[in-house]
Amino acid sequence: MYGKDTHIPDDGTEHGAKSEGPGCCGWVLTILSYILIGCTLPFSLCFTLKVVQEYERAVIFRLGRLLPGGAKGPGILFIAPCIDEYMKVDLRTFSCDVPPQEILSKDSVTVAVDAVIYFRIKNATASIVKVNNSNAATRLLAATTLRNVLGTKTMAEILSDREHISHTMQSILDEATDPWGILVERVEIKDVRLPVQLQRAMAAEAEAAREARAKVIAAEGEQKAARALKEAADTMAESPGALQLRYLQTLNTISAEKNSTIVFPIPMEFLAMAKKSIGNGNASM
């Protein structure tokens, strides 16, 4: 009527197979229960047949003792009234948010960090027998592990090395919850919140660094421009006609813009020659 779960390892047989029998009183109650079922057929089937879904397993206790064979399902289960008690366990993956934790990092910076964990039950019997509330216990353990792991990291490592921190937390949680029959599949750091004053200080530091880089880039540009001007001056000095051609090109550019005023530079050599000519004329007079 039901199939044994062959996909999930189960160590719960030791609780039933190696323990003592139900005793004389237990056998009497079991016989009376089956007599009651037989006398009330077919109405008793409504209370004795239970359906377990594909994603569920049922852990059955008879007179307080775990039945041999571990968790049962999926399929139809037979539950004897008055002596059997069963608990369904969901094998699907659960996701839970770890509440924001105020953590003091290794470099004495207070940060608020929250995370999310994904886990599932791989051993239905252990999750019932060995821990009171496996889901709540996993959530509390995740919050404690988050504080312990991030307490050994600096603020820079928390901000830049989230993937490594997530893998470390996953391995620690998986090892700690393995006796409870729980498998931690994934851990993710959701958000890291810094104090407002620290955010302002970091923003001022980043702005100062950007301004410093901008000044360095501007200085390098000026240096390259000065080098190019020096090379151009040296080239024009080698060919006097090149300067005149540059004057004419400048005039052509200015005239294309239809300006009413044109300022034309006069080379200093012309002024020196004019001054020398005036001086020679005065001397001859």
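General observations
- Scope region 70-91; condition open to solvent by 70 Å² or more (accessible area, probe 1.4 Å) and either of a type in the set (Asp, Glu) or not in a strand (DSSP E or B) (or both); matching residues: Cys82, Glu85
- Number of positions in region 76-115 that are in contact with an Asp or Glu (Cβ under 9 Å, 6 or more places away or on another chain), under 26 Å from Thr152 (Cα atoms) and among the polar types (S, T, N, Q): 3
- Any hit, region 216-228, residues being open to solvent by 100 Å² or more (accessible area, probe 1.4 Å) and under 24 Å from the mean Cα position of the chain (by Cα): no
- Some residue of region 178-187 being of a type in the set (Lys, Arg), in contact with a Phe, Trp or Tyr (Cβ under 7 Å, 6 or more places away or on another chain) and either open to solvent by 60 Å² or more (accessible area, probe 1.4 Å) or within 30 Å of Ala143 (Cα to Cα) (or both): yes
- Restricting attention to region 92-149, the residues being open to solvent by less than 20 Å² (accessible area, probe 1.4 Å) and touching a His at 6+ places or on another chain (Cβ under 9 Å) number 1.
- For Asp234: the one exception among (1) part of a strand (DSSP E or B); (2) of a type in the set (Asp, Glu); (3) exposed (fewer than 10 other Cβ atoms within 10 Å of the Cβ): (1)
- Enumeration of residues in region 30-60 that are open to solvent by 40 Å² or more (accessible area, probe 1.4 Å), touching a strand residue (DSSP E or B) at 6+ places or on another chain (Cβ under 7 Å) and not hydroxyl-bearing (Ser, Thr, Tyr): Leu49, Lys50, Val51, Gln53, Glu54
- Pairs linking a residue in region 67-86 that is of a type in the set (Gly, Ala, Ser) to a residue that is open to solvent by 50 Å² or more (accessible area, probe 1.4 Å) and in a loop (DSSP other than H, G, I, E, B), with Cβ atoms under 6 Å and 6 or more positions apart or on different chains, do not occur.
- Of all residues in region 92-111, those satisfying the criterion of being out of contact with any helix residue (DSSP H, G or I) (no Cβ under 8 Å at 6 or more places or on another chain), within 30 Å of Val196 (Cβ to Cβ) and in a strand (DSSP E or B) are Asp97, Pro100, Glu102, Leu104, Thr110.
- Every pair of residues 6+ apart whose Cβ atoms lie under 7 Å, when the first sits in region 159-186 and is more than 24 Å from Ile128 (Cβ to Cβ) while the second is open to solvent by 70 Å² or more (accessible area, probe 1.4 Å) and modelled with pLDDT under 90: none
- Some residue of region 7-20 being within 30 Å of Ala143 (Cβ to Cβ), modelled with pLDDT under 85, open to solvent by less than 70 Å² (accessible area, probe 1.4 Å) and of a type in the set (A, V, I, L, M): yes
The values are calculated or read from the model by the stated rules, or taken from the named source; none is laboratory data. Keep in mind that this is a model prediction, so the values were computed, not measured. Neighbour counts run over all protein chains shown; Cβ positions are idealised from the backbone, glycine included. Only protein heavy atoms, including side chains, enter the accessible area calculation; ligands, DNA and RNA are left aside. Shrake-Rupley method; radii C 1.70, N 1.55, O 1.52, S 1.80 Å.
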